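Shown next, in structure tokens, is the structure this report addresses.
The values are calculated or read from the model by the stated rules, or taken from the named source; none is laboratory data. This structure is a prediction, so every number in the text was calculated from the model and none was measured. Counting neighbours? That spans all protein chains shown, and the Cβs are built from the backbone with ideal geometry, glycine included. Just the protein is used for accessible areas: all its heavy atoms, side chains included, with ligands, DNA and RNA removed. Shrake-Rupley method; radii C 1.70, N 1.55, O 1.52, S 1.80 Å.
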Amino acid sequence: MCEALEPNFKLRQAERLFEGQLIGPESMANIGGVLYTGTADGKIVKIEDGKMHTLATLGRPPCGTQKDELTCGRPLGIRASQNRTLFVADAYLGIFEVNPFTGKVKVLVPSRIPVNGKSLSFVNDLDVTRDGRKIYFTDSSSKWQRRDYAYLIMEGINDGRLLEYDTFTKEVTVLMDDLRFPNGVQLSPNEDFVLVAEMTMARIRRCYVSGLNKGGLDLFVENLPGFPDNIRSSSSGGYWVAMSAVRPNPGFSMLDFLSQKPWIKKIIFKLLSQEALMQFIPKYSLVVELYDNGVCKRSFHDPHGIVATYVSEAHEQDGYLYLGSFRSPFLCRLNLSEV
């Protein structure tokens, strides 16, 4: 293991914000000093001057339980464009544009419309070009929905895709398919390629979307120490990669073991519930900063997830690292000058 990945306790220096008030703030975006995030009960929340307000809802009530997600919606990836517009990926409902001041909601890509004959069953993360014309987003599976994510993780099927939406032509194009749980998306600073986290493969792929290499695909980094979720740019020109679960090395990894034993998966699916399956995944939070060539620069850990739990995104803003989570009831904030 390289020195940059040596275990530490730096994530335990983070402070929890709005504990018990924010449930599952998966992703974050900033417009000036205002922070926006989505929650497990289908809301887009605005945080300003230490106060939290509901900006918009994407679906319809009732909300609050996992069975409600299908109609209530579950906002995941969220981005702010340079023209001060929010773009949101909802796991069940599709891609939305949200006015950050009025809360007005506009559907851009409804999930009910198939793309190349396949439904959008698990829309996950997105990024948008600076001019606002192109949106790149992941659909993690055409079989499993977000509420069944544990089964998708354990089964490890390759039915995920990276897609491009052109806001001018209204066309959706498949850029990559046969991906295993594609998750986080991040454009490069020059917007010539898109990084895509292939979670259950513990790697990040690269898709060139402009320039001489347009249409080309390659591997950005593989054999990561954990299972990558969202990818976000860092102030150093690199990338923050959040991992809510790690691959023990040395040690036993259930996901690595099952990837070679498909017949055992079938037995497990019949015997265990989704919550029971999640108990096999070690509770260990990890955030890694990568250089622009994919090499690890530094890492922040919270073994056993004592303070920062189920980290899904690391969003850098004004010297702080805000840590989102797909299921914890709070947001974390880490002062980068202290670690």
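What about VAL185, is it under 20 Å from SER119 (Cβ atoms), in contact with a Phe, Trp or Tyr (Cβ under 6 Å, 6 or more places away or on another chain) and open to solvent by less than 20 Å² (accessible area, probe 1.4 Å)? Can you show your working first?
Working: under 20 Å from SER119 (Cβ atoms): yes; in contact with a Phe, Trp or Tyr (Cβ under 6 Å, 6 or more places away or on another chain): yes; open to solvent by less than 20 Å² (accessible area, probe 1.4 Å): yes.
Criteria met by VAL185.
Taking interchain pairs and intrachain pairs at least six residues apart, which have beta carbon atoms under 8 angstrom, with the first residue in region 322-339 and farther than 17 Å from SER299 by Cβ and the second surrounded by 24 or more Cβ atoms within 10 Å (Cβ to Cβ) and β-branched (Val, Ile, Thr)?
Once the first residue is farther than 17 Å from SER299 by Cβ and sits in region 322-339, its partners that are surrounded by 24 or more Cβ atoms within 10 Å (Cβ to Cβ) and β-branched (Val, Ile, Thr) give GLY324/THR37; GLY324/VAL311; SER325/VAL311; LEU331/THR37.
For region 169-211, name all the residues that are within 14 Å of the chain's Cα centre (by Cα) and among the hydroxyl-bearing types (Ser, Thr, Tyr).
Matches in region 169-211: THR200 only.
For residues in region 189-226 being in a strand (DSSP E or B), open to solvent by 10 Å² or more (accessible area, probe 1.4 Å) and among the hydrophobic types (A, V, I, L, M, F, W, C), which is farthest from LEU162 (Cα to Cα)?
Looking only at region 189-226, we keep the residues that are in a strand (DSSP E or B), and these are 193-198, 203-208, 217-221, 226.
Then keep just the ones that are open to solvent by 10 Å² or more (accessible area, probe 1.4 Å); that gives 193, 203, 205-206, 208, 217-221.
When the remaining residues are screened for being among the hydrophobic types (A, V, I, L, M, F, W, C), the result is 193, 217, 219-221.
On the way: PHE193: 12, LEU217: 12, LEU219: 15, PHE220: 15, VAL221: 17 Å.
Filtering first and then ranking leaves VAL221.
Taking THR54 and the conditions (1) assigned to a loop (DSSP other than H, G, I, E, B); (2) surrounded by fewer than 21 Cβ atoms within 10 Å (Cβ to Cβ), which numbered condition does it fall short on, given that it satisfies the others?
(1)
Among (1) open to solvent by less than 10 Å² (accessible area, probe 1.4 Å); (2) in contact with a helix residue (DSSP H, G or I) (Cβ under 8 Å, 6 or more places away or on another chain), there is one condition PRO100 misses while meeting the rest; what is its number?
Condition not satisfied by PRO100: (2).
Yes/no matrix, rows are residues, columns are (1) at pLDDT 95 or above; (2) touching a helix residue (DSSP H, G or I) at 6+ places or on another chain (Cβ under 7 Å); (3) more than 14 Å from ASP166 (Cα to Cα); (4) open to solvent by 50 Å² or more (accessible area, probe 1.4 Å):
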residue: ALA89; (1), (2), (3), (4): yes, no, yes, no
residue: LYS104; (1), (2), (3), (4): yes, no, yes, yes
residue: LYS118; (1), (2), (3), (4): no, no, yes, yes
residue: VAL123; (1), (2), (3), (4): yes, no, yes, no
residue: VAL128; (1), (2), (3), (4): yes, no, no, no
residue: LYS143; (1), (2), (3), (4): no, no, yes, yes
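Filter region 2-33 down to the residues that are open to solvent by less than 60 Å² (accessible area, probe 1.4 Å) and in a strand (DSSP E or B), then identify the one that is nearest to LEU224 (Cα to Cα).
MET28
Hey, among ARG298, ARG333, which residue is open to solvent by 10 Å² or more (accessible area, probe 1.4 Å), modelled with pLDDT of 95 or more, under 25 Å from GLY20 (Cβ atoms) and more than 17 Å from the chain's Cα centre (by Cα)? Please lay out each step first, then the result.
Working: ARG298 fails: under 25 Å from GLY20 (Cβ atoms).
None of the other options fit; the residue is ARG333.
Residues checked against (1) touching a residue at least 60 places away in the same chain (Cβ under 8 Å); (2) part of a strand (DSSP E or B); (3) within 24 Å of ALA314 (Cβ to Cβ):
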residue: GLU69; (1), (2), (3): yes, no, no
residue: ARG84; (1), (2), (3): no, no, yes
residue: PHE87; (1), (2), (3): no, yes, yes
residue: TYR92; (1), (2), (3): no, no, no
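Among residues belonging to region 130-141 that are surrounded by fewer than 21 Cβ atoms within 10 Å (Cβ to Cβ) and touching an Asp or Glu at 6+ places or on another chain (Cβ under 8 Å), point out the one that is modelled with the highest pLDDT.
Step one: list which residues in region 130-141 are surrounded by fewer than 21 Cβ atoms within 10 Å (Cβ to Cβ), which gives 130-134.
Right, trim to touching an Asp or Glu at 6+ places or on another chain (Cβ under 8 Å) and you get 130, 133-134.
Working: ARG130: 93, ARG133: 93, LYS134: 97.
Among them, the one singled out is LYS134.
Identify, by number, the condition in (1) more than 16 Å from ALA29 (Cα to Cα); (2) open to solvent by 10 Å² or more (accessible area, probe 1.4 Å); (3) under 18 Å from the mean Cα position of the chain (by Cα) that PHE326 doesn't meet.
For PHE326, the exception is condition (1).
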